[in-house]
């Protein structure tokens, strides 16, 4: 996990973004559009800090402001196409190390790991339900 996060942090920093800014992009990718107050709440920061956090992302073209259909006075943020591409690249970078690792394993070892992960996932699903 540490190695995975290190790759992600390195990717974010190499692009000039902070980890919280990259996290905003990830949230938008997984949850769709949401407002500034939701960002402030999610990251436990003030609305002013949320605005500062996202402004660089807007200027870089990674996110865009759109009209909130339920309140024309409010704006929502959503991931732009450039933002989507950037997030995908970040995720690929985060997991690049595991791809390099699996190339060093035999087919039999890969199959054993896959089987073990399947068992773990099923056990986790039972805990969640």
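Across segment 1-36, what is the total count of residues that are closer than 23 Å to residue 69 by Cα and touching a residue at least 12 places away in the same chain (Cβ under 8 Å)? So that I can check it myself, show each step before the final result.
First pass over segment 1-36, keeping only residues closer than 23 Å to residue 69 by Cα: 24-36.
Of the ones still in play, those that are also touching a residue at least 12 places away in the same chain (Cβ under 8 Å) are 24-29, 32-36.
Number satisfying all stated conditions: 11.
Does residue 40 fit the bill of being over 15 Å from the mean Cα position of the chain (by Cα), surrounded by fewer than 11 Cβ atoms within 10 Å (Cβ to Cβ), part of a helix (DSSP H, G or I) and free of Cβ contacts under 8 Å to residues at least 60 places away in the same chain? So that I can check it myself, show each step before the final result.
On the way: over 15 Å from the mean Cα position of the chain (by Cα): yes; surrounded by fewer than 11 Cβ atoms within 10 Å (Cβ to Cβ): no; part of a helix (DSSP H, G or I): yes; free of Cβ contacts under 8 Å to residues at least 60 places away in the same chain: yes.
Here the answer is no, as residue 40 does not meet what is asked.
Any residue in segment 85-99 that's within 14 Å of residue 28 (Cα to Cα): show its pairings with residues that are not in a helix (DSSP H, G or I) at Cβ separation under 6 Å, as long as the two are six or more apart or on different chains.
Qualifying pairs under 6 Å: 86/62.
Are any of the residues in segment 48-66 over 20 Å from residue 22 (Cβ atoms), part of a helix (DSSP H, G or I) and under 24 Å from the mean Cα position of the chain (by Cα)?
Start the filter on segment 48-66 by keeping residues that are over 20 Å from residue 22 (Cβ atoms), which leaves 48, 66.
After this cut, where a residue has to be part of a helix (DSSP H, G or I) as well, the list is 48.
From what is left, the residues that are under 24 Å from the mean Cα position of the chain (by Cα) are 48.
So far as segment 48-66 goes, yes, one or more of its residues are over 20 Å from residue 22 (Cβ atoms), part of a helix (DSSP H, G or I) and under 24 Å from the mean Cα position of the chain (by Cα).
Considering each of 72, 94 in turn, give the residue that is modelled with pLDDT under 90 and within 22 Å of residue 7 (Cβ to Cβ).
Details: 72 fails: within 22 Å of residue 7 (Cβ to Cβ).
Testing whether each residue is modelled with pLDDT under 90 and within 22 Å of residue 7 (Cβ to Cβ) leaves just 94.
Tell me yes or no: at least one residue of segment 70-77 is assigned to a helix (DSSP H, G or I) and touching a helix residue (DSSP H, G or I) at 6+ places or on another chain (Cβ under 7 Å). I'd like the intermediate steps shown before the answer.
Start the filter on segment 70-77 by keeping residues that are assigned to a helix (DSSP H, G or I), which leaves none.
Taking every residue of segment 70-77 in turn, none turns out to be assigned to a helix (DSSP H, G or I) and touching a helix residue (DSSP H, G or I) at 6+ places or on another chain (Cβ under 7 Å).
Counting only residues that are touching a strand residue (DSSP E or B) at 6+ places or on another chain (Cβ under 8 Å) and under 23 Å from residue 15 (Cα atoms), how many does segment 69-101 have? Steps first, please.
Narrowing segment 69-101 to residues touching a strand residue (DSSP E or B) at 6+ places or on another chain (Cβ under 8 Å): 74-80, 83, 87.
After this cut, where a residue has to be under 23 Å from residue 15 (Cα atoms) as well, the list is 77-80, 83, 87.
Qualifying residue count, segment 69-101: 6.
Would you mind stating whether residue 108 is surrounded by fewer than 15 Cβ atoms within 10 Å (Cβ to Cβ), in a helix (DSSP H, G or I) and within 23 Å of the chain's Cα centre (by Cα)?
Working: surrounded by fewer than 15 Cβ atoms within 10 Å (Cβ to Cβ): yes; in a helix (DSSP H, G or I): yes; within 23 Å of the chain's Cα centre (by Cα): no.
Considered against the rule, which asks whether it is surrounded by fewer than 15 Cβ atoms within 10 Å (Cβ to Cβ), in a helix (DSSP H, G or I) and within 23 Å of the chain's Cα centre (by Cα), residue 108 comes out as no.
The values are calculated or read from the model by the stated rules, or taken from the named source; none is laboratory data. All values derive from a computational prediction rather than experimental measurement. Heads up, the Cβs are rebuilt from the backbone with ideal geometry, glycines too, and the neighbour counts pull from every protein chain shown.
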